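In what follows, a single structure is set out as C-alpha cells and then discussed.
Any read-out appearing in this document is the output of simple, stated calculations on the displayed coordinates, not a laboratory observation. Here the structure is a predicted model, which means the values were calculated and not measured. For neighbour counting, all protein chains shown are included, and Cβ atoms are generated from backbone atoms with ideal geometry for every residue, glycine included.
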Amino acid sequence: MRKTKLRLLLFGAFLLIILGLMTAFLWIAVRTFTHFYYTETAHHLETKARLIAQDLNNGVPLRRSPRLQALCRDLSSAAAVRITFIQPDGRVLADSEEFPEHMDNHADRTEVQGALAGRLSTSERYSHTLRQNMLYVALPYPGMPPQIIIRVAIPTTSMSHSLSNLYIRFALFSGLVILCGAGLGLWLAQKISRPWEEMRRHASRFAQGELNQKLETSELDEANGLAESLNQMASQLDDRTQALLQKQQEQEAILASMAEGVVAVDREERILNLNQAARVYLNITAPRVLGRPLAEVVRNSQLQQLLAHTLTGTISVEGDIVISGNSERFLQVHGSILRDAQAQNIGAVLVLNDLTRIRRLETLRREFVANVSHELKTPITLIQGFAETLEDGALKKADEAKHFLQIIAKQTERLHTIIEDLLTLSRIEQESERGSIPLAPGLIQPVLLAALSMCRPVAEVKKIKLELSCPEQLQARINDRLLEQAVVNYLNNAVAYSEVRTTVTLTAESTDTGILISVRDQGIGIAAEHLPRLFERFYRVDKGRSREAGGSGLGLAIVKHIVQAHDGKISVESEPGKGSTFSIHLPKINQFPLPSLNYNLTCALYFPNPIILSFQCFPAQHHAVVQP
Ligand code: ADP
C-alpha cells in the first residue's frame, strides 16, 4: 500500500475542501449574477420600449417614412439602445442602425414571434444586421392585435464586459481565500502532524537502542498521552536492557575468568558460546566461530562422539579426550543438556577440564618411582650379593673379606648419597611450594668462598685449580645455605668431569638483567642433544662415569629447584672435549618479583543448601571453585 505522510494528507484534504467550497461559491455567484444582470437589463429594455411606445402616440404615421426613421434614430440616441419598428408581417418600418429597405423580413425572429403572440418577448442571439450578439426585447403596440412591434436591443458585449470584470474580482477574491486557506491548512497540518512525526522519529530511535532519549510534551492532548506512554515504555525498556546487559557482562566475565573451558552448542551442534579457556584447550584460533558447527571448528572424533551422546541422551556424559597439536592436551569433558526456561532441550554444554598437567605429573611420578627403584636396586643387589658371599665362607679369607666389605661400604655410601639427595630435593620442593624458603639480601662472595672451601679437598686430589672472581659488594636476595649447595653441586660436577691438572673458574658478576654466577671447567663437555634434559632427575650423559664419580644423578635437579626458589634461571653451555659452563641467573634486588601468593581459602555458606566455596589466589589470576 502506498504510504502518505500525515502532513500531506491533512494539507491535501484541507486544500481540497477549500477548493471545492470556492468553486461552488464561484459557480453559484456567477450563475446568480449573470441571471440577475440579464433580467435587470431586459427589464430596463422593457421600460425603454414602453417609453418609446408613449412617444409613438404623438401622431407619427406608422409606415415606412423618413419621419419615422428620424424619430427612431432620435429615440435611439436618447435611450442609448437600438430601436426597430416592425410591421406584424415582419416588414421593418424603421431601424436606428440601418436603413429599413436594406433589412430583410423579421417575421422569423424569435422575439418578434413572441411579441406577435401578444407578450413581451426577450431573446439573445446573433444579429446578422450588426454582426454581433444582441439582447432583444420586443413589445406589441398598442396591444393585441398589434399595429407594430417595438423592438429595443443592446449588444451583449457590453454586458459581458461588465460581467467579466465582476468575475475577475470574484476569481481574485477566491484565489486570495484559497491562498489564505492553504496557508492555514499548512499551519494546521504541521501543528497536528509534528507531534506524531516526533513520536515516529523517537520510536525509531528507541528501536535502534537509544532509549535514554525523552519525548517532549506537545500541545495536543491525545499526542501527549501517547508520548508519556512511549517515554515510560522506553525507560522500562532501558532499565531492562541495562539489567540484561549487566547480567550478560557478569556471565561473560565469569565465563572468561573460569579455568574450565565451556562450550555451548545448539541441537544442530552449532556453537552458541564459548570462553577463552575452551579456545585454548581446543586449539581454536579462528576469530569468528559462533554459529559454526563444532565439528567444523574442532576436528576431533572423540569430542564429536561425546557431544552426540550428550545431545541424544538424557543424562550427563563424561569422558576423556586427547587434543593433538604442538603438544598433546588431555581433557576431561563433562557434557550436559542445555534447557531453556520451558525446560525444552535446546542444545548441550560441554565443560572441559585440562588434565594435561595432572597426567604429566602422574607420568613423572611413575618415571620417578621407576628411576629411584632402579637407582637403589644396583647398590642393594651388590650389598646383598657380597653379604651372602661373606656368609657363605668368604669371611674366613681375610683379603677377600676386606675387599668385599670395602665394596659393601662403597655401595652403602652410594645408597646414602642417593637417599640424602632425594631427601634434599624433596625438602626443597616442599619448602618452595609452601613459600617457606627465606630469602634475604646478602653478599655473594662469602657464599662462593664457602662453596670453594667445601670442594677444595676433592679438587686437590685431582690437582685441579679452583679460581674465583667475584666483586666484594655484589649482592642479591638469597638463601645462602641453599645457594652454597647449588654452587657446590656445580663445582663437584666440574671437578668430577674434568681431567687432572685443569682449572675450574667460579665467577660472579652483575649484568643488565641481574646477577650471573658461572662455573666454567675444561672438562669432557656435553653433546648438544643431552643439554635440554640435563637438569632432569637421574639424567646422566655417561652412567658409568657418573657412578664412578659417586654421583646420584640428582645434583643438577637440586640446583634447578634451588634456583627456582630464588626466582632465578639456570643455563648451560658446553662443547664436547672443550669444557662446560653452568650458570645461575638471579634477579637484581630491586627487580625481585612480589613473593608468590598461593592461598587456599575454604569457607562454607549456608543457603537453603550448604555450599562450600574454595578460593585459590595467585598473583596474576584469581578463581573460585564452587563445590556443592
Ligand atoms: P651426577 O650425580 O651424575 O653428576 P648431576 O645431576 O649432577 O648427576 O649431573 C647429571 C649429568 O650431567 C651427569 O651425569 C653428567 O653426565 C652431566 N654433567 C654434569 N656436570 C657436568 C660437567 N661439568 N661436565 C660434563 N658433564 C656434566
Under a no-solvent Debye model with one identical scatterer per Cα of the stretch 341-411, what's log10 I(q)/I(0) at q = 0.14, 0.15, 0.17, 0.25 Å⁻¹? -0.66, -0.69, -0.75, -1.03
For the residue pair ASP89 and ARG299, what label-to-label distance in nm results when each label sits 7 Å from Cα along the Cα-to-beta-carbon direction? 13.0
Cα pair distances in the chain, grouped into 20 Å bins until the bin that holds the longest one, percent each: 12, 20, 17, 11, 8, 9, 9, 8, 5, 1, 0
Leaving out same-chain residues fewer than 8 places away, which aspartates and glutamates sit with a Cα under 16 Å from that of LYS463? GLU499, ASP521
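If you take every residue apart from LEU215 with its C-beta less than 13 Å away from the C-beta of LEU215, what net charge results, scoring Lys and Arg +1 and Asp and Glu -1?
0
Dipole magnitude of the chain about its Cα centre, charges +1 at Lys/Arg Cβ and -1 at Asp/Glu Cβ only, in debye to the nearest 20? Please report the intermediate quantities before stating the final value.
On the way: 66 positive and 65 negative charges, 316 e Å.
In debye, rounded to 20, the chain gives about 1520.
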With the cut-off at 24 Å, report for the stretch 249-402 the share of all Cα pairs above it, as a whole percent. 50
For the chain, the longest principal axis of the Cα atoms and the Cα long axis of helix 301-312 enclose an angle in degrees, to the nearest 10, of 60
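Work out the P(r) tail for the stretch 504-571: percent of alpha carbon pairs separated by more than 20 Å, whole number.
Of the Cα pairs, 38 percent sit more than 20 Å apart.
If you take every residue apart from LEU352 with its C-beta less than 15 Å away from the C-beta of LEU352, what net charge results, scoring Lys and Arg +1 and Asp and Glu -1?
-1
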Net length gained if the chain between ALA70 and TYR37 were fully extended (0.36 nm per residue, minus Cα distance): 8.8 nm
What percent does the relative contact order of the chain come to when contacts are Cα pairs within less than 8 Å and at least six residues apart? 7
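Sorted by average packing, counted as other Cβ atoms within 10 angstrom per residue and highest first, what order do 224-230, 350-356 take?
Details: 224-230: 14.6, 350-356: 19.6.
Highest to lowest by the protection proxy: 350-356, 224-230.
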Run a plain Debye calculation on the stretch 173-260 (Cα atoms as equal point scatterers, no solvent) and give log10 I(q)/I(0) at q = 0.12, 0.23, 0.24 Å⁻¹, rounded to two decimals, same order as the q list. -0.57, -1.04, -1.08
Extension gain LYS396-THR157, at 0.36 nm per residue separation less the Cα-Cα distance, in nm? 68.6 nm
Mean ellipticity per residue at 222 nm, deg cm²/dmol - from DSSP H runs of n ≥ 4 across the chain, formula -39500 (n - 2.57): -17000 deg cm²/dmol
Neighbour-limited loop hits for trypsin sites (Lys or Arg not before Pro), the stretch 322-418 (at most 14 other Cβ within 10 Å; DSSP other than H, G, I, E, B): LYS397
Taking the Cβ-Cβ separation of ALA286 and SER324 as r and a Förster radius of 25 Å, what is the calculated FRET efficiency to the nearest 0.05? 0.90
In degrees rounded to 10, the 0-90 angle between helix 398-434 Cα long axis and the longest Cα principal axis of the chain is 30
Taking the Kirkwood radius as the inverse of the mean 1/r across Cα pairs, report the Rg/Rh of the stretch 436-527. 0.99
Just grab the label-to-label distance for HIS102 and GLU367, each label 7 Å out from Cα along the Cβ direction, in nm (one decimal). 14.5
Over 28 Å (Cα to Cα) - which of LYS410/LYS543; LYS410/LYS569; LYS543/LYS588; LYS397/LYS543; LYS462/LYS543 fall in this group: LYS410/LYS569; LYS543/LYS588; LYS397/LYS543
List the lysines whose alpha-carbon lies under 28 Å from that of LYS247, not counting same-chain residues fewer than 8 positions away? LYS214
Check each of the trypsin sites (Lys or Arg not before Pro) in the stretch 123-194 and keep only those in coil by DSSP with at most 14 other C-beta atoms within 10 angstrom; list them in order. ARG131
Charge sum, other residues only, whose C-beta stays under 11 Å from ALA227's C-beta, Lys/Arg counted +1 and Asp/Glu -1: -4
Stretched fully, the stretch from ARG434 through GLU198 gains (0.36 nm per residue minus C-alpha distance, one decimal, in nm) 78.1 nm
Lysines whose Cα lies under 20 Å from that of LYS5, excluding same-chain neighbours fewer than 8 positions away: LYS191
